[in-house]
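Below is one structure, written out as structure tokens; comments come after it.
All of the numbers you see were taken from the coordinates with simple rules; none came from a lab. For clarity, every value in this text was computed on a predicted model and none was experimentally measured. Cβ placement follows ideal geometry from the backbone for every residue including glycine, while neighbour counts extend to all protein chains displayed.
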């Protein structure tokens, strides 16, 4: 696999480092991939070229208020374990520069994903960005995660509170280890020292959620210390054509709001100057969000369709009968 990298935001200097754009030349189908069938059925496979290990099964609700899921316990991180000396080395190299620290880890994860025989990268354009997406970093959801992360569960969408305890921003692909597990205790120490590496998450459109690719024990360690880990998000990159299309009405609205404010500024209205500045900052945020907005997650048809998915569900989750009609 050949990977080309570009720093985000593109063609900008003197601004906060946001992430990496990754251009990948293959494979056409990755070893960690989603297959889908009618009725909102999804299955995540992993396992080298065959990709035959079932990691997760899910079924969307027809009401578009959530998705039922079951984890099989067969997931393996696509990245090699991180050594404590590497964590300390990266922090010592840039003790007061979070941009440089995030950039080091983003490149480390990009290297690992490129070389992995169990990862999700396939041909196309990707982004590896800093921090949780806007609207996906709710404090209550982080606090709830250690106590409510069932292997057979449900993710509530769009804040309907249906049920409320199923609202989440992140779905681990395997159970989180106990706070007193040896590896978690080691990561708790790293968190206290300020050297804990970020966790790597993956945006999955079919779940309308982020899933945890690497760092389950790092996440458990940070949560056990009453905090949160740093996050790097992997997602497919939206096309420039789509971004320009979405940006047009945003820019038109900005220009319409700015025109009377510019005239008021010329007339000496101090409040208009403040409002014009706020409108410009809002536009900058909106355009930045467009640059890092994820594209749809690629999936493949499940051979055998819904009957094959139902057979997988019976085999890997006996007695699981998700109700998609609610």
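Taking a ≥ b ≥ c as the square roots of the eigenvalues of the alpha carbon gyration tensor, the range 135-214 is prolate, as a/c is not under 1.5 and a/b beats b/c. Approximating the spin labels as points 7 Å out from Cα along Cα→Cβ, the residue 252-to-residue 125 distance works out to 2.4 nm. The order of 185, 89, going from fewest to most other C-beta atoms within 10 Å of their C-beta, is 89, 185.
For residue 114 and residue 5 in the same chain, what is the full-extension length gain: residue separation times 0.36 nm, less their Cα-Cα distance, in nm? Present the calculation step by step, with values, prior to reporting the outcome.
On the way: separation 109, 0.36 × 109 = 39.24 nm, distance 1.15 nm.
Contour length minus the Cα-Cα distance gives 38.1 nm.
Here the relative contact order of the range 34-125, from alpha carbon pairs under 8 Å that lie six or more residues apart, stands at 20 percent. Spin-label model, residue 137/residue 63: points 7 Å from Cα along the beta carbon direction are separated by 3.1 nm. Normalising the Debye intensity of the range 124-178 to I(0), with uniform scatterers on Cα atoms only, and taking log10 at q = 0.28 Å⁻¹ returns -1.23.
Could you give the length gained on full extension between residue 241 and residue 321, defined as 0.36 nm per residue of separation minus the Cα-Cα distance, in nm?
Numbers: separation 80, 0.36 × 80 = 28.80 nm, distance 4.14 nm.
Residue separation times 0.36 nm, minus the Cα-Cα distance, leaves 24.7 nm.
When 1/r is averaged over all different Cα pairs and the result inverted, which Kirkwood radius in Å belongs to the range 240-291? Spell out each step's value before the answer.
Details: mean 1/r = 0.0857 Å⁻¹.
One decimal place: 11.7 Å for the Kirkwood radius.
With 30 Å as the cut-off, how large is the P(r) tail for the chain, expressed as percent of Cα-Cα pairs? Distances greater than 30 Å cover 41 percent of the Cα pairs.
What fraction of the DSSP beta bridges in the range 159-214 is antiparallel, stated in percent and rounded to the nearest 5? Before the final figure, lay out each step's value.
Working: 5 of 8 bridges.
In the range 159-214, DSSP labels about 60 percent of beta bridges as antiparallel.
Taking a ≥ b ≥ c as the square roots of the eigenvalues of the Cα gyration tensor, the range 70-169 is prolate, since a/c reaches 1.5 or more and a/b is larger than b/c. Computed over the range 94-249, the quotient of the alpha carbon radius of gyration and 2.2 N^0.38 Å is 1.10.
Here each label is just a point 7 Å from Cα along the line to Cβ, and for residue 52 and residue 287 those points are 5.2 nm apart. Kindly identify the range 199-271 as rounded, prolate or oblate by the Cα gyration tensor criterion: order the square roots of the eigenvalues as a ≥ b ≥ c, call it rounded if a/c is under 1.5, otherwise compare a/b with b/c, prolate if a/b is larger, else oblate. Note, shape of the range 199-271 comes out oblate.
Quick check on the exposure proxy: order 271, 23 from fewest to most C-beta atoms within 10 angstrom.
Numbers: 271 10, 23 14.
Placing the least packed residue first, the sequence is 271, 23.
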